[in-house]
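**Student:** What follows is a single structure, and I will ask about it in a moment.
The values are calculated or read from the model by the stated rules, or taken from the named source; none is laboratory data. Since we're looking at a predicted model, the values are computed, not measured. Virtual Cβ from ideal backbone geometry, glycine too; neighbours counted across all protein chains shown. Please note that ligands, DNA and RNA were not included when accessible areas were found on the heavy atoms of the full protein model with its side chains. Shrake-Rupley method; radii C 1.70, N 1.55, O 1.52, S 1.80 Å.
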Amino acid sequence: MGENSNLKTFLLLLLIAFPLRESIVLMIGESTPMRIGELLMGVCPFIYVICKEEYENRITTTSKVLLIFLAYSFIFGVLLADHFQSMFAVKYFLRGVLFFFLVKIAETKVVNVSENYVEKLFKYTIVIELVFCLMQMLGVTILFGEFESYNASETFGFKRVSGTASEPGYLIPLLTPCIYYFLSDYKKYKVWVYLSFALVILSLSSFGYVAVLVVILMKLIISDRSGAIKKIVLSGIGILLALYTASIVFPQLSDAYEGVSTKILAFASSNEEDMDYSGAERTENIFVATEALINGSIGDIIFGQGIGATAYYTEANVILYKPAEEANNLYLSVALNQGIIGLLLLLLIFRSVFRQTNKDVASLSFFAGMITQLLQYFIVGNLWLYFLWYYIFFIIALNRQKVETGVATDNDNVDNIVEE
C-alpha cells in the first residue's frame, strides 16, 4: 500500500501554502479574499474521493466528533435558532465541511509526512517570514495579493513587523511550532532557533512573548520532567534579569512594561481611557457578547442563539469600535452561538486531537502550534479560517502512520506524558 501521487502533490502544495497566511490571495469580487491555504482546503473533497488507498485500521474519532458538531450546529444554530445570519452561516458550514474532509484525509488515506518533509516545512516557513519581515523593514509588503507600502505601527518606539500575517500577533502561531522543532536539536538548528526568536521579538507582540514562554515550558516539561521545575525557575530568573538589564540599555522598555499592563487592563475595564486601541476593540465586543450570553434564557445558554448571533449583537450594540462576526474570544462566541453543548463538542474535537499527539518531535511541534492557536482564540475568534486545521491534519496524519506501522502504542501520546 503506497502513497498516492495526488496526495504527494497535495502535501507539496500544503508545504508551499502553510506560511503564506494573508499575503497571497485570490480576490473574489472586490472585498472577499480567498487565501492560498483556503483554496487548497477547497480541493480536499476531491482529494478524498480520487485517492483510493486507505489504511486498513480505520480511526475516525476526530471526524465523527466534528460531524456531530456541524450537525448539532445546523439543527440548533440554524433550524431552531432565534438569531442566525445566513451569510455567516453559509461561510461557517461550507468551511466546516472542508475541514471535515481534510481530517478524513489524515485519518483514512495513506499520507507520508516524513521527517525530511517536516524539517523543510519549518525551514521554509522561517525563510518566507524573514523575507516578508525584511521587506516590511524596507517599507513595502504584500498583503491580500497586492504590493503596497508598509506603514508599520509602532509600539514603545519600535516598529513592528507581521510577516505574511495581517497583524503581528497572527504571525506567532506560525513561529511556535518552528521554535519547538528547532529547540529539539539545538546544536543542529542553532541558527534557525536564533532566526525564529528574532522574528518573535520583531513582532513586538505581547501575546507572542507569552506564547513562546508557554512553548518553552512545554518543551522543558516534556523533555525532562524530573528537572523541569528547576529549569523553569532558573529560566524565569534569567528572563527577569534579562528584562531588567534590557530596560537599562533601552529606556523605551519602561514604556513597554507599562504598555503591557495597559493591554491587560483593557480586558478588565470598560473605561476607554485605560485601554490601547487593540485591547479596547476586542474588549467591547467581548463585553457585548458576554452580556448577551448572560441575559439569554436557560435554553439559549444550553443550546445557543444561532450561528451568527454574536455578529447580530455586536452589530447592534458595539459603539466605540467596529463590531465583529465573533467576539474576539472563540469560546465565548461558540457558547453564545451554539450554547454550552456546542462548546463541549468543540472541546471534544480538540481533546480527540490531543489524545493522538505522539511523543515524537514532529508531532509535538505541530501540537505546540495548535496550543498556541487555541491560546490565541481567547483574544480572536476565527475558527472558520484554516490555520488551526492544518496543525490538526499533521498531528492526525503522523499518528496514523505510527498506528499503521505498529510503532505507536497506548503509551506514545501526550495524554500519558501528563499522567506519568
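**Student:** Could we say that residue 134 is within 24 Å of residue 41 (Cα to Cα), assigned to a helix (DSSP H, G or I) and open to solvent by 40 Å² or more (accessible area, probe 1.4 Å) here?
**Tutor:** When the stated conditions are applied, residue 134 does not pass them.
**Student:** Considering (1) without any contact (Cβ under 8 Å) to a residue 40 or more places away in the chain; (2) touching a strand residue (DSSP E or B) at 6+ places or on another chain (Cβ under 6 Å), say which one residue 94 fails and leave the rest.
**Tutor:** Status for residue 94: all satisfied but (2).
So that you can scan it fast, the table gives a plain yes or no per residue for (1) over 20 Å from residue 361 (Cβ atoms); (2) surrounded by fewer than 22 Cβ atoms within 10 Å (Cβ to Cβ); (3) touching a residue at least 24 places away in the same chain (Cβ under 8 Å):
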{"position": "180", "(1), (2), (3)": "no, no, yes"}
{"position": "184", "(1), (2), (3)": "no, yes, yes"}
{"position": "187", "(1), (2), (3)": "no, yes, no"}
{"position": "190", "(1), (2), (3)": "no, yes, no"}
{"position": "193", "(1), (2), (3)": "no, yes, no"}
{"position": "196", "(1), (2), (3)": "no, no, yes"}
{"position": "203", "(1), (2), (3)": "yes, no, yes"}
{"position": "208", "(1), (2), (3)": "yes, no, yes"}
{"position": "219", "(1), (2), (3)": "no, yes, yes"}
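**Student:** Within segment 137-152, can you find the residues that are open to solvent by 60 Å² or more (accessible area, probe 1.4 Å) and hydroxyl-bearing (Ser, Thr, Tyr)?
**Tutor:** Hit for segment 137-152 is 149, nothing else.
One line per residue, one yes/no per condition, for (1) at pLDDT below 90; (2) closer than 12 Å to residue 205 by Cα; (3) more than 19 Å from the chain's Cα centre (by Cα):
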residue: 140; (1), (2), (3): no, no, yes
residue: 155; (1), (2), (3): yes, yes, yes
residue: 161; (1), (2), (3): no, yes, no
residue: 167; (1), (2), (3): yes, yes, no
residue: 170; (1), (2), (3): no, yes, no
residue: 181; (1), (2), (3): no, no, no
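**Student:** Please state which one of 150, 92 is modelled with pLDDT under 95 and over 24 Å from residue 395 (Cβ atoms).
**Tutor:** 150
**Student:** For segment 107-120, does any single residue satisfy the condition of being in contact with a Leu (Cβ under 6 Å, 6 or more places away or on another chain), open to solvent by less than 60 Å² (accessible area, probe 1.4 Å) and modelled with pLDDT of 95 or more?
**Tutor:** Scanning segment 107-120, I find no residue that is in contact with a Leu (Cβ under 6 Å, 6 or more places away or on another chain), open to solvent by less than 60 Å² (accessible area, probe 1.4 Å) and modelled with pLDDT of 95 or more, so the answer is no.
**Student:** Might you let me know whether segment 384-399 holds any residue that is at pLDDT below 90 and either out of contact with any Leu (no Cβ under 9 Å at 6 or more places or on another chain) or surrounded by fewer than 20 Cβ atoms within 10 Å (Cβ to Cβ) (or both)?
**Tutor:** Yes: segment 384-399 contains one or more residues that are at pLDDT below 90 and either out of contact with any Leu (no Cβ under 9 Å at 6 or more places or on another chain) or surrounded by fewer than 20 Cβ atoms within 10 Å (Cβ to Cβ) (or both).
**Student:** Residues in segment 104-131 that are within 24 Å of residue 178 (Cα to Cα) and part of a loop (DSSP other than H, G, I, E, B): how many?
**Tutor:** Here the count works out to 4.
**Student:** Scan segment 350-379 residue by residue and report those that are more than 24 Å from residue 117 (Cβ to Cβ), in contact (Cβ under 8 Å) with a residue 60 or more places away in the chain and either assigned to a loop (DSSP other than H, G, I, E, B) or touching a Phe, Trp or Tyr at 6+ places or on another chain (Cβ under 6 Å) (or both).
**Tutor:** 379
**Student:** Count, please, the residues in segment 65-93 that happen to be in contact with a Leu (Cβ under 7 Å, 6 or more places away or on another chain) and either under 16 Å from residue 303 (Cα atoms) or among the acidic types (Asp, Glu) (or both).
**Tutor:** Final tally of qualifying residues: 3.
**Student:** For the subset of segment 288-311 comprising residues that are open to solvent by less than 40 Å² (accessible area, probe 1.4 Å) and part of a loop (DSSP other than H, G, I, E, B), which member is farthest from residue 382 (Cα to Cα)?
**Tutor:** So the residue we want is 296.
**Student:** For a quick check of your reading: which helices (runs of 4 or more DSSP H) sit entirely within segment 1-73 and have at least 2 residues that are touching a residue at least 24 places away in the same chain (Cβ under 8 Å) and open to solvent by 30 Å² or more (accessible area, probe 1.4 Å)?
**Tutor:** The qualifying helices (runs of 4 or more DSSP H) are 5-17, 44-50.
**Student:** Take the residues in segment 312-326 that are under 17 Å from residue 81 (Cα atoms) and under 21 Å from the mean Cα position of the chain (by Cα), then tell me which one is least open to solvent (accessible area, probe 1.4 Å).
**Tutor:** The selected residue is 326.
**Student:** Go through (1) closer than 23 Å to residue 91 by Cα; (2) of a type outside the set (Ser, Thr, Tyr); (3) modelled with pLDDT of 90 or more; (4) not in a helix (DSSP H, G or I) for residue 324 and report which single condition fails.
**Tutor:** If we test residue 324 against (1) closer than 23 Å to residue 91 by Cα; (2) of a type outside the set (Ser, Thr, Tyr); (3) modelled with pLDDT of 90 or more; (4) not in a helix (DSSP H, G or I), just (3) comes out false.
**Student:** Please go through segment 60-116 and give me each residue that is under 24 Å from residue 47 (Cβ atoms) and among the acidic types (Asp, Glu), ordered by number.
**Tutor:** Answer for segment 60-116, where residues must be under 24 Å from residue 47 (Cβ atoms) and among the acidic types (Asp, Glu): 107, 115.
**Student:** Same structure again: Taking segment 327-371, which residues are open to solvent by 10 Å² or more (accessible area, probe 1.4 Å), under 24 Å from residue 294 (Cα atoms) and touching a helix residue (DSSP H, G or I) at 6+ places or on another chain (Cβ under 8 Å)?
**Tutor:** Across segment 327-371, the qualifying residues are 328, 329, 331, 332, 340, 341, 343, 345, 348.
**Student:** Considering only residues that are in contact with a helix residue (DSSP H, G or I) (Cβ under 7 Å, 6 or more places away or on another chain), free of Cβ contacts under 8 Å to residues at least 60 places away in the same chain and within 17 Å of residue 295 (Cα to Cα), which ones fall in segment 305-326?
**Tutor:** Scanning segment 305-326 gives 314, 317, 318.
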